Number of protein chains: 2
Amino acid sequence: MRYLLLIGYDGTDFSGWQDQPGRRTVQGVLAEAAEKVFGRKTAIAASGRTDAGVHALGQVAQLDGESSIPAEKLYACLNRLLPPDVRVLASAGAPSPLFDVTREAKRKTYRYLAYHAPCELPLARRYAARLPYPADVGKMREAGRLLIGSHDFAAFRSSGFTSRTSVREIYDLEVRERQEFYGTFYEIEVTGNGFLYNMVRILSGELFAVGAGKAEGITRAFQTGERKALAKTMPPQGLSLVKVDYGVPLFGTEE
Amino acid sequence: MRYLLLIGYDGTDFSGWQDQPGRRTVQGVLAEAAEKVFGRKTAIAASGRTDAGVHALGQVAQLDGESSIPAEKLYACLNRLLPPDVRVLASAGAPSPLFDVTREAKRKTYRYLAYHAPCELPLARRYAARLPYPADVGKMREAGRLLIGSHDFAAFRSSGFTSRTSVREIYDLEVRERQEFYGTFYEIEVTGNGFLYNMVRILSGELFAVGAGKAEGITRAFQTGERKALAKTMPPQGLSLVKVDYGVPLFGTEE
């Protein structure tokens, strides 16, 4: 039987999602807990990998196994075995035995959180990146509108990583600002049909630089496809995978 | 010369503010950094202590020392020597040599953050407490209004701790609710002329219990002065000292 899991994690102390020998990974600690529940090793896959230091509010994963535990109760069994920086928020049976969480993801939503303050803020340091300058959210929103739609995002990925096509569609991009913790916080929330490697951290870096009046590379990036048209990649701690949408509800009312 | 410091800290890995032999405390790490800046030991005092695990967004502290560093620049020198879970957000000279951050605090604002979700949320676990039940914020606000004003809060302190008087005045109490991280978050923000030991954690526990329909002890607590009239004390990680008000601006525009 194929089980689906809705997972949250604090990425700070993980070397990312993907299992690597000798490293603490989210996939690794989940596999260890699942082995105890099912009595044997199980393959675990996610909607997509997240990098070291990147968080997830609602990652979706699958695992195959046989157990008398009802699918909707599996989350509680796993949570008893997991460290506090990973939790399974809900579990369910897959809608069909061939359902695949990686291939069938229709939309993903990511959030990038940053702030401007006179120094690093202790309560924000694990979950947000500090900007050395304040940003004009009006300018960020204007530049963000250029990204919406279907584009070749070749310039928006880290070099050395390739995928079949670099065309992606962004459905929605919102920029929010709020005062908190003696700092100004900026949140970029972006939804698309998929993202290239480091794409959200690169587009966020460009939008923050635009907001500070230090960049205006988006049009040229689309024209040339060159990474160097854009500002610096933001660091991982500000990034969270918020939600993965499959076009159908997978976890009932928990979703 | 007396310097004033505006300080933020993540209380998770501290045994509270107050220096204790063999323990990692906020006062201790600040004293160590100040000793390096001033070349000798300096006495450091805060507006009030915070317990193990309790955070501060804007604690105010003082220290005495002689240095050629301008008062407004001291914060940056200390930050170079401090661990990332403590930061000095601003520094200034005291308005007078006898100004005392403990005695002259006029108003303090605390925040208590809790959430209801099907399991512990990894990204909230350091800064919020989990409630086993959802809460009705309408009921919490109604009960919160009973607390506003000048009252004998004898029932709202942990036993074994006494102070001259248990009369305190609460100026404002707000309850907010928001959906985030697949959970419902509740924030209690309370401002008063001072708080007894554990008073914010006790009044928050009572308000959350009232919101869940499990308590209505406030009136009886005022009548009897008995701690047992009220619900359980909330755990430390949800509590933050937000702000200390001295009736005059101490840190210029940084405040």
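So that you can scan it fast, the table gives a plain yes or no per residue for (1) assigned by TED's automatic domain parsing to the domain that holds A:Ala135; (2) among the acidic types (Asp, Glu); (3) surrounded by 22 or more Cβ atoms within 10 Å (Cβ to Cβ); (4) free of Cβ contacts under 8 Å to residues at least 60 places away in the same chain:
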{"residue": "A:Ser158", "(1), (2), (3), (4)": "yes, no, no, no"}
{"residue": "A:Ser163", "(1), (2), (3), (4)": "yes, no, no, yes"}
{"residue": "A:Tyr186", "(1), (2), (3), (4)": "yes, no, yes, no"}
{"residue": "A:Asn193", "(1), (2), (3), (4)": "yes, no, no, no"}
{"residue": "A:Tyr197", "(1), (2), (3), (4)": "yes, no, no, yes"}
{"residue": "A:Leu203", "(1), (2), (3), (4)": "yes, no, yes, yes"}
{"residue": "A:Gly213", "(1), (2), (3), (4)": "yes, no, no, no"}
{"residue": "A:Glu216", "(1), (2), (3), (4)": "yes, yes, no, no"}
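When the strands (runs of 3 or more DSSP E) confined to the stretch A:97-207 are screened for residues that are within 14 Å of the chain's Cα centre (by Cα), those reaching at least 3 such residues are found at A:107-116, A:183-192.
May I ask you to list the residues in the stretch B:208-224 that are in a loop (DSSP other than H, G, I, E, B) and of a type in the set (D, E, K, R)?
Start the filter on the stretch B:208-224 by keeping residues that are in a loop (DSSP other than H, G, I, E, B), which leaves B:212-217.
Within the stretch B:208-224, B:Lys214, B:Glu216 qualify.
Number of residues in the stretch A:4-31 that are hydroxyl-bearing (Ser, Thr, Tyr), surrounded by fewer than 24 Cβ atoms within 10 Å (Cβ to Cβ) and in contact with a strand residue (DSSP E or B) (Cβ under 9 Å, 6 or more places away or on another chain): the value is 1. Of all the listed residues (A:Phe208, A:Phe222, A:Phe251), the sole one being aromatic (Phe, Trp, Tyr) and closer than 30 Å to A:Val88 by Cβ is A:Phe251.
Counting residues in the stretch A:32-49 that are more than 14 Å from every other protein chain (Cβ to nearest Cβ), buried (at least 22 other Cβ atoms within 10 Å of the Cβ), of a type in the set (Ser, Thr, Tyr) and in contact (Cβ under 8 Å) with a residue 24 or more places away in the chain gives one or more.
Select from the stretch B:76-103 the residues that are surrounded by fewer than 17 Cβ atoms within 10 Å (Cβ to Cβ) and under 29 Å from B:Thr233 (Cβ atoms) and write down the one among them that is farthest from the other protein chains (Cβ to nearest Cβ). Residue satisfying both the conditions and the ranking: B:Arg103. The number of residues in the stretch B:119-130 that are in contact with a helix residue (DSSP H, G or I) (Cβ under 6 Å, 6 or more places away or on another chain) and touching a residue at least 12 places away in the same chain (Cβ under 8 Å) comes to 3. Restricted to the stretch B:107-149, and to residues there that are of a type in the set (Gly, Ala, Ser) and farther than 21 Å from B:Leu241 by Cα, the residue that is nearest to the other protein chains (Cβ to nearest Cβ) is B:Ala117.
With respect to the conditions (1) more than 21 Å from B:Arg125 (Cα to Cα); (2) out of contact with any Phe, Trp or Tyr (no Cβ under 9 Å at 6 or more places or on another chain); (3) modelled with pLDDT of 95 or more, B:Phe156 lacks only one, and its number is (2).
Residues in the stretch B:51-75 that are in contact with a strand residue (DSSP E or B) (Cβ under 7 Å, 6 or more places away or on another chain) and within 13 Å of chain A (Cβ to nearest Cβ): B:Val54, B:His55, B:Ala56, B:Leu57, B:Gly58, B:Gln59, B:Val60, B:Glu72, B:Leu74, B:Tyr75.
The values are calculated or read from the model by the stated rules, or taken from the named source; none is laboratory data. Quantities reported herein were computed from a predicted structural model and do not represent experimental measurements. Glycine gets a Cβ as well: all are built from the backbone with ideal geometry, and neighbour counts include every protein chain shown.
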